[in-house]
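The structure under discussion appears below in the form of structure tokens.
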Amino acid sequence: MSAVTDVRRRGGRASMVGSGLLVVAVLVLALWVPYNVSLGTLSSLVGLFVLVILGTTWNLMAGYAGMVSIGQQAFIGIGGYGVIHLADAVGLPVLGAVVAAAVVCGAVAWATSFLVFRLAGGYFAIGTWVVAEVVKLLTTQVDALGGGSGLSLGAFQGADRVARVATVYWLGLTLAVVVVLATFALMRSRVGLGLTAIRDDPTAASGLGVPVDRSKRIVYVASSAGVGLAGALTALNTLRVTPDSIFSVGFTASMIFVVLIGGIGTIEGPIVGAVVSFVLQDRLADLGSLYLVVLGVVAIVVVLLAPRGLWGLVTRVTDVHLFPLVHTVRREASED
């Protein structure tokens, strides 16, 4: 006697092949690229890793939890200033300073969440921007942080330039991989399971037993800590931070651009968007202010023609999911 059963699976053979290619790409970046490109290219690639981290963390908030923040530059600044202060003034090793700066960002996010979570929608977005401006103004008033002139990193003083650039490059690649995998793990957990319901209808999600405030706070803190890692990585790459540069709202604009063109609500989308944004920056850097116009046109075209982003087009054609989060159901006949 035959029976029909439902088999639930995450991804498929195509997804496994795609994930394998992604692993190969990471290995190439880790083992081949550092020895075959110039130091300038390595420094530029650190900027790519920063974009991946920023896009992934902003997408975690906006794409999965429905929290659209335009003030995440606050945590970029805290991470940048934090890693320099902790490495130079406190004397922590560079890696320890990076981790500690991210922890500080998470703590600040937890504290400010009790304020910004009183707001919703557009008010939440503006509230996060206000927090970022307040943090920037406070930073300029602290003499230990250089006031309005900023700080320069002294931890690498006397270090060989080749070793320094290579160290920052490998650190950037490692942080980008860790942030993406941590986001994937979070979205496959019980917290991630409730985030989509929270994004669609917080009231209904709460009625179903989803801890809305706690889940949103976890995402906000985790995202802000990740953004802090990007800020610390930026400071290590440029060796200097100033209030106007590290607290620039342009970072948030880059996050939004990366997520929108790559595909919001997917883990792969911000990676694709970061690569596209990085290539555009590299190719159009000589255009000056016209470069921003080109970015705007690209964003408008992608949103109009591919509302789900470039990765949405890929999944529609190939059904490939490098980081499968949903179950697919296939019916199979079995003999009893």
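The values are calculated or read from the model by the stated rules, or taken from the named source; none is laboratory data. No experiment lies behind these values; they were computed from the predicted model shown. We place every Cβ from the backbone using ideal geometry, glycine too, and count neighbours over all the protein chains shown.
Among the residues of the range 172-195, those identified as in contact (Cβ under 8 Å) with a residue 40 or more places away in the chain and in contact with a helix residue (DSSP H, G or I) (Cβ under 7 Å, 6 or more places away or on another chain) are Gly172, Leu173, Leu175, Ala176, Val177, Val179, Val180, Thr183, Leu186, Met187, Gly192, Leu195. Among the residues making up the range 256-278, those that are within 19 Å of Val314 (Cα to Cα) and β-branched (Val, Ile, Thr) are Val258, Val259, Ile261, Ile264, Thr266, Ile267, Ile271, Val272, Val275, Val276. Restricting the search to helices (runs of 4 or more DSSP H) fully inside the range 205-308 and requiring at least 3 residues that are within 20 Å of Val180 (Cβ to Cβ), in contact with a His (Cβ under 9 Å, 6 or more places away or on another chain) and in contact (Cβ under 8 Å) with a residue 60 or more places away in the chain gives an empty result. Looking for something at pLDDT below 85, part of a helix (DSSP H, G or I) and over 28 Å from Trp32 (Cα atoms) - is there at least one such residue anywhere in the range 171-190? Yes - at least one qualifying residue is present in the range 171-190. Would you confirm whether any residue within the range 261-280 is within 29 Å of Ser149 (Cα to Cα) and either hydrophobic (A, V, I, L, M, F, W, C) or surrounded by 21 or more Cβ atoms within 10 Å (Cβ to Cβ) (or both)? Yes, some residue in the range 261-280 is within 29 Å of Ser149 (Cα to Cα) and either hydrophobic (A, V, I, L, M, F, W, C) or surrounded by 21 or more Cβ atoms within 10 Å (Cβ to Cβ) (or both). The number of residues in the range 117-168 that are in a helix (DSSP H, G or I) and under 21 Å from Phe75 (Cα atoms) comes to 23. Need the failing condition index for Ala3 against (1) surrounded by fewer than 13 Cβ atoms within 10 Å (Cβ to Cβ); (2) small (Gly, Ala, Ser); (3) at pLDDT 90 or above, just the number. Among (1) surrounded by fewer than 13 Cβ atoms within 10 Å (Cβ to Cβ); (2) small (Gly, Ala, Ser); (3) at pLDDT 90 or above, Ala3 violates only (3).
Name the single residue that is surrounded by the fewest Cβ atoms within 10 Å (Cβ to Cβ) among those in the range 108-139 being hydroxyl-bearing (Ser, Thr, Tyr) and within 15 Å of Ala222 (Cβ to Cβ). Here the answer is Ser113. For first residues located in the range 115-144 and more than 30 Å from Asp201 (Cβ to Cβ), partners that are β-branched (Val, Ile, Thr) and at pLDDT 90 or above and lie 6+ apart or on another chain with Cβ distances below 7 Å form the pairs Val135/Ile78.
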